[in-house]
Amino acid sequence: MGELREAADFPYRSELLASLSALILLWESPGLQREILTSSGEPIDQPAHQALRHLLAGQPLRAGELAQAMGTGASNVSKIVKRLEAGGLVARETDPEDTRSTRITLTEAGSAAARHIYDLGDDMIAQVLSRWSSRDIARYTELTKRFTEDAIAAAEEMRRNGLTRRTD
């Protein structure tokens with residue numbers, strides 16, 4: 001895997017945006033995720049983890065919806081779903097809204113595997129925050145929730161109206 005990036009590597013004027021960019025790049029890195037999963041003895045690969053996380057959060061999903069959520073193509077999702085289906089973790093069912101389409105759902109084993117993935121995420125964040133005080137964790141959580149809510153609201157506005165340019 002390549003060298004991990006630091007916030008200072010991103011030439012944003014906003015230190016917050018630079019830090020978020022470094023964090024996103026780190027945590028979304030397939031190489032890092034693969035290394036962590038391998039060293040943790042996890043039997044499911046990173047793309048399958050991603051698919052299971054999305055399915056637990058929003059199932060059932062059509063293959064195209066899953067591909068969009070994962071930021072990948074339909075053929076890649078098809079391969080991932082075939083592996084998960086062969087492992088008994090997902091099933092395909094006819095979409096009641098469009099009988100020509102199918103939706104992907106988690107099986108009981110798939111739901112358990114997806115919940116295990118979320119448990120791994122909880123373990124990861126606990127390890128990251130292991131030296132933080134409970135007060136710092138509570139405050140950071142409060143601010144992150146607020147930031148996320150504001151970012152979602154701003155994204156909706158940007159979708160409608162485009163990006164507002166700074167005038168300074």
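The values are calculated or read from the model by the stated rules, or taken from the named source; none is laboratory data. Everything quoted here is computed from the prediction, not taken from an experiment. Note: ideal-geometry Cβ built from the backbone for every residue, glycine included; neighbour counts use all protein chains shown. SASA here: full protein model, heavy atoms, side chains in, ligands and nucleic acids out. Shrake-Rupley method; radii C 1.70, N 1.55, O 1.52, S 1.80 Å.
Relative to the longest principal axis of the C-alpha atoms of the chain, give the angle of the C-alpha long axis of helix 108-128, reported between 0 and 90° and rounded to the nearest 10°.
Long axis of 108-128 versus the principal axis of the chain: about 20 degrees.
Rounded to whole Å, give me the distance from the Cα center of segment 54-132 to that of segment 4-36.
Centre-to-centre (Cα) distance: 25 Å.
Mind checking the angle between helix 74-86 and the chain's longest principal axis? C-alpha axes, 0 to 90 degrees, to the nearest 10.
Approximately 60 degrees, to the nearest ten.
What is segment 84-159 by shape, rounded, prolate or oblate, if you read a ≥ b ≥ c off the alpha carbon gyration tensor as root eigenvalues and call it rounded for a/c under 1.5, prolate for a/b larger than b/c, and oblate otherwise?
Numbers: a/c = 4.87, a/b = 1.53, b/c = 3.19.
Oblate is the answer for segment 84-159, as a/c is 1.5 or above yet b/c matches or exceeds a/b.
Pull out a ≥ b ≥ c, the square roots of the eigenvalues of the alpha-carbon gyration tensor of segment 7-51, then state rounded if a/c is under 1.5, prolate if not and a/b is larger than b/c, and oblate in the remaining case. Before the final figure, lay out the partial values.
Numbers: a/c = 4.51, a/b = 2.93, b/c = 1.54.
Judged from the Cα gyration tensor, segment 7-51 comes out prolate (a/c at least 1.5, a/b above b/c).
What accessible surface, in Å², does a 1.4 Å probe find on D122, ignoring ligands, DNA and RNA and rounding to the nearest 10?
100
Can you pull the percent of the chain's accessible area that's carbon plus sulfur, 1.4 Å probe, other chains left in place? Could you put the intermediate results ahead of the total?
Details: 6370 of 12160 Å².
The value for the chain is 52 percent carbon and sulfur by accessible area.
Pick out, in residue order, every one of the trypsin sites (Lys or Arg not before Pro) in segment 57-156 that is DSSP loop and has at most 16 other C-beta atoms within 10 Å; say none if there are none. Kindly include the intermediate steps, with their values, before the conclusion.
Values: sites: R62, K79, K82, R83, R92, R100, R103, R115, R131, R135, R139, K145, R146; in loops: R131.
For trypsin sites (Lys or Arg not before Pro) across segment 57-156 that sit outside H, G, I, E and B with at most 16 neighbouring Cβ atoms in 10 Å, the list reads R131.
First check a/c for segment 58-111, with a ≥ b ≥ c the square roots of the eigenvalues of its C-alpha gyration tensor; if it is under 1.5, answer rounded, and if not, answer prolate when a/b is larger than b/c or oblate otherwise. Intermediate results must be reported in sequence, preceding the final value.
Numbers: a/c = 1.60, a/b = 1.04, b/c = 1.53.
The shape class here is oblate.
In whole angstrom, how long is each semi-axis of the equivalent ellipsoid of the chain, when you take the square root of 5 times every eigenvalue of its Cα gyration tensor and sort them from largest down? Show your work: numbers first, answer last.
Values: eigenvalues 198, 105, 54 Å².
The answer is 31, 23, 16 Å, longest axis first.
Would you please give the residues with an amide H less than 5 Å from that of L61, counting only those at least 5 places away or on a separate chain, with H modeled from the backbone geometry?
HN-HN under 5 Å from L61: I104.
Calculate one ³J(HN,Hα) per residue across segment 147-159 by plugging θ = phi - 60° into the Karplus curve 6.51 cos²θ - 1.76 cosθ + 1.60, and present them in order as whole Hz with x for glycine and proline.
4, 4, 4, 5, 5, 5, 4, 5, 4, 4, 5, 5, 4
Add -39500 (n - 2.57) for each DSSP H run of 4 or more in the chain, then divide by its residues: what number comes out at 222 nm, to the nearest 500 deg cm²/dmol? Numbers along the way, then the final one.
Values: 7 runs with 106 residues, N = 168.
When only DSSP H runs of four or more count, the value is -20500 deg cm²/dmol.
Hey, with R₀ at 22 Å, roughly what FRET efficiency would I36 and T102 work out to, going by the Cβ-Cβ distance, to 0.05? Each step should come with its number before you reach the end.
Numbers: r = 32 Å, r/R0 = 1.46.
Computed FRET efficiency for I36 and T102: 0.10.
With every protein chain kept in place and ligands, DNA and RNA left out, what is the accessible area per residue of segment 43-131? Probe 1.4 Å, answer in Å². Before the final figure, lay out each step's value.
Details: 5200 Å² over 89 residues.
So segment 43-131 comes to 58 Å² accessible per residue, rounded to a whole number.
Compute the acute angle (0 to 90°) between the alpha-carbon long axis of helix 46-58 and the principal axis of greatest extent of the alpha-carbon atoms of the chain; round to the nearest 10°.
Orientation of helix 46-58: about 90 degrees from the principal axis.
Compute the relative contact order of segment 1-153 as a whole-number percentage, counting only Cα pairs closer than 8 Å that sit 6 or more residues apart in sequence.
Numbers: 126 pairs, mean separation 23.9, N = 153.
In percent, rounded to a whole number, it is 16.
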